[in-house]
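Right, I'll just put the structure down here and ask away after.
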Amino acid sequence: MKKILLALTLLATFALFVGCNDEQKSAEKSKKVTVMIYSEYIDPEMLTEFELKTGFKLQLELYEAQEEMISKLQASGTSQYDVIIASDVVIQQMVHLNLIGKIDTNKIPNRTNIADQFRNPSYDPTNDYTIPYLWGTTGILYRDSTVDPMKVSYSMLFDAKQTKGNFSLLEESRSMLSMALQAKGYDANSVNQKEINEAVEYILQAKKDPHFLGFDGSVGGKDKVLSKMDWAAIVFNGEAMAAINEDPELRFAIPTEGSFMWVDAMTLSSKAPNVEGAYAFMNYILEAKTGAQLAKYINYATPNKASLEVIDAEFKNNRVINPSEEEIRRMVFLKDPGEAARLFDEAWTIVKTR
Amino acid sequence: MNLSRFSPMTTEVFEGKLTTRSRMRAFGALLTGPGILWLIIFLLLPTLFLMVLAFAQRGAYGSINWDFSVENLKRLVGFSSFGWSADNLIILGRSLKIATVTTILCIAFGLPMAFWIASHGKSMRAFLFALIMVPSCTNLVIRTAAWMLLLGPDMFPASIARFFGLLGEGESLYPGTFAVYIGMVSSMLPFAVLPLYTSVERLDWGIVEASRDLYAGPIRTFYHGILSQMMPGIIASVILTLVPSLGMYVISDLLGGGKYMLIGNLIQQQFGSAMDWPFGAMLGSVLIICSVVSLIIFQRVGGKNFV
């Protein structure tokens, strides 16, 4: 009996020790800015530079997927974070779930640097909730230097007569279905059941092609094309750039039928403990030099027109990173499907089952 | 003795100590209490919550609407926005098939392995066990990625298969069904071998001798003399492989190319990109029920045939 009591007491003391760890943290709070961000999505040098410039210590909380980020915020609240980096598709959802709050743009003098195409975007028509961080495109990475990237169509993957080798499609329900909708000539943001059904049939028909290797994420698709398992795959432009740097035979195309572009934006947490620090961070990212440094480090395009002035010509004229006016016109932003979410989910289940 | 039932203060002898029944009960409660509490808090309550959540609805933007209905159950059996389709049931059937085949393969490979390990001396056994267990120390995803490399088109397994004409030029062993089963069996085999080994060690070889004495052939001897004795171990192996492989989807995604969905993918999709927790909870509950039912069936059928 005594031994058991002793063991229990020990356990209880141990539990007490574990319990009172957070006490010291609150003291530093006013001096630090906590940013919730994709892993490997910032140049580590910028952390020290930001602290030197503003006096705020930059702390990163990493996540790997948008859903993971949202469920983390829903479960543990938003009061631990100041700035949250989120993709355009989830902005409306986060506003509805009260995860992000309105930004006072007067506190961010550098906002004048934002390029025109990122003002009043469809995911934030009033510019109240977002400041763009980086942006990118989605297209087809393929191994054939004789095909002009400007003339590539989705039939390169979806028409069994035109596929020249193995290919993978994108493992992401909303994106892949919207691309199939565009390939069929419909709006990428369509919530029409008949049109979605046609998109499903279109993907299912591609699945029957013996060249079809499967569904992959952007990185997986890039790896398969690089290792020559795939002849073509759907990837984001940053991955395409990395692949082309390794193997100059590869090409990247925005299909003529259209595709979608995306923006990762900085948002203000609805219960940000350090609002002033959050604005300082947003302003810092919008500086011409920082925007250029960030874009070059991550290999994605900057929404900062002042940065384009200071960035080197090679990067600026790289068509994979900074697409032409004509290609930009082909692309749209994806909207949150709202009530139609179930339609997309069920459509994807059919795609992945048959 | 009969009297003690009516008078709790009667002293009894327990492990050489003089004690009363109520004291023994209190002591027993102290010992089992933490375990039972643990099970209630971390197993029973969450499972009950899951089953209640299964009847709620998804609100717009991924919130949960607490109006109870059987909508999710209807959706699961196939009443979708696109009219009736059996997709969810096909997914469930496909997961059951992969889990069953994996389990059968694991037992088939695990049995000879268990006998082989048991036939060695003590130190050699420890070494062989280490060989089986050490790979499990690596993360599952890394092990699976290793298979992706190994089964690639330029590696020796593909060349061997090509030499025997099993594989065409330019094709590779992965992604495909073969690769999925390689991955599944290799990750589940350790869990199958351990309980099998324990029951091999406890075998009463006298029964085998007796069966030989009575002129039973090798197959009969194995069936009635060995397999029937090992039944508890086999049941434990089946539980340890069948249940985890029912929910497994990482391996089939990586090695199968993600062409087809398993129940694990579907559940992950509901809690992930679709943000439809109630439907995910319904799928999860059905998966729990499926694994319990298949275990009961196995125990009934298997038990009757062998003993």
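None of the figures in this text is laboratory data; all of them are computed from the coordinates on show. Bear in mind the structure is a predicted one, so any value in this text is a computation, not a measurement. Methodologically, a virtual Cβ is constructed for each residue, glycine included, from the backbone with ideal geometry; neighbour enumeration extends over all protein chains shown.
What tally of residues in the range A:45-80 results from selecting those that are more than 24 Å from residue B:277 (Cα to Cα) and under 19 Å from the mean Cα position of the chain (by Cα)?
Total meeting the criteria: 2.
Mind checking whether some residue in the range A:193-209 is within 11 Å of another protein chain (Cβ to nearest Cβ), surrounded by fewer than 22 Cβ atoms within 10 Å (Cβ to Cβ), in contact (Cβ under 8 Å) with a residue 12 or more places away in the chain and within 21 Å of residue B:153 (Cβ to Cβ)?
Among the residues of the range A:193-209, not one is within 11 Å of another protein chain (Cβ to nearest Cβ), surrounded by fewer than 22 Cβ atoms within 10 Å (Cβ to Cβ), in contact (Cβ under 8 Å) with a residue 12 or more places away in the chain and within 21 Å of residue B:153 (Cβ to Cβ), which makes the answer no.
Okay, next question. Quickly run through the range B:43-57 and pick out the residues that are out of contact with any strand residue (DSSP E or B) (no Cβ under 7 Å at 6 or more places or on another chain) and not aromatic (Phe, Trp, Tyr).
Passing the criteria: B:43, B:44, B:45, B:46, B:47, B:48, B:50, B:51, B:52, B:53, B:54.
Applying the selection to the range A:143-161, what residues are closer than 15 Å to residue A:319 by Cβ and buried (at least 21 other Cβ atoms within 10 Å of the Cβ)?
A:152
Out of the range A:223-247, which residues are under 26 Å from residue A:325 (Cβ atoms), more than 14 Å from every other protein chain (Cβ to nearest Cβ) and in contact (Cβ under 8 Å) with a residue 12 or more places away in the chain?
A:232, A:235, A:236, A:237, A:238, A:239, A:240, A:241, A:242, A:243, A:244 - these are the residues of the range A:223-247 that are under 26 Å from residue A:325 (Cβ atoms), more than 14 Å from every other protein chain (Cβ to nearest Cβ) and in contact (Cβ under 8 Å) with a residue 12 or more places away in the chain.
Continuing with the same structure: Mind checking whether some residue in the range A:111-127 is within 14 Å of another protein chain (Cβ to nearest Cβ) and not aromatic (Phe, Trp, Tyr)?
Scanning the range A:111-127, I find no residue that is within 14 Å of another protein chain (Cβ to nearest Cβ) and not aromatic (Phe, Trp, Tyr), so the answer is no.
Filter the range B:196-243 down to residues that are surrounded by fewer than 17 Cβ atoms within 10 Å (Cβ to Cβ) and in a helix (DSSP H, G or I), then give me how many there are.
The number of residues fulfilling the criteria is 19.
Now a separate question. Among the residues of the range A:235-255, what is the count of those that are among the hydrophobic types (A, V, I, L, M, F, W, C) and touching a helix residue (DSSP H, G or I) at 6+ places or on another chain (Cβ under 6 Å)?
Result for the range A:235-255: 7.
Determine if the range B:241-263 includes at least one residue that is within 14 Å of chain A (Cβ to nearest Cβ), among the polar types (S, T, N, Q) and in contact (Cβ under 8 Å) with a residue 60 or more places away in the chain.
yes
Just checking, which of A:85, A:140 is more than 14 Å from chain B (Cβ to nearest Cβ), out of contact with any helix residue (DSSP H, G or I) (no Cβ under 8 Å at 6 or more places or on another chain) and assigned to a strand (DSSP E or B)?
A:85
Next up: Residues in the range B:36-60 that are part of a helix (DSSP H, G or I) and away from chain A (no Cβ under 14 Å): how many?
Residues that pass the stated criteria total 16.
So, restricting to helices (runs of 4 or more DSSP H) that lie completely within the range A:275-354, which ones have at least 3 residues that are within 14 Å of another protein chain (Cβ to nearest Cβ) and in contact (Cβ under 8 Å) with a residue 24 or more places away in the chain?
Helices (runs of 4 or more DSSP H) meeting the threshold: A:341-353.
If a residue must be of a type in the set (Phe, Trp, Tyr) and more than 11 Å from chain A (Cβ to nearest Cβ), how many such residues does the range B:264-298 contain?
Summing the residues that are of a type in the set (Phe, Trp, Tyr) and more than 11 Å from chain A (Cβ to nearest Cβ) in the range B:264-298 gives 1.
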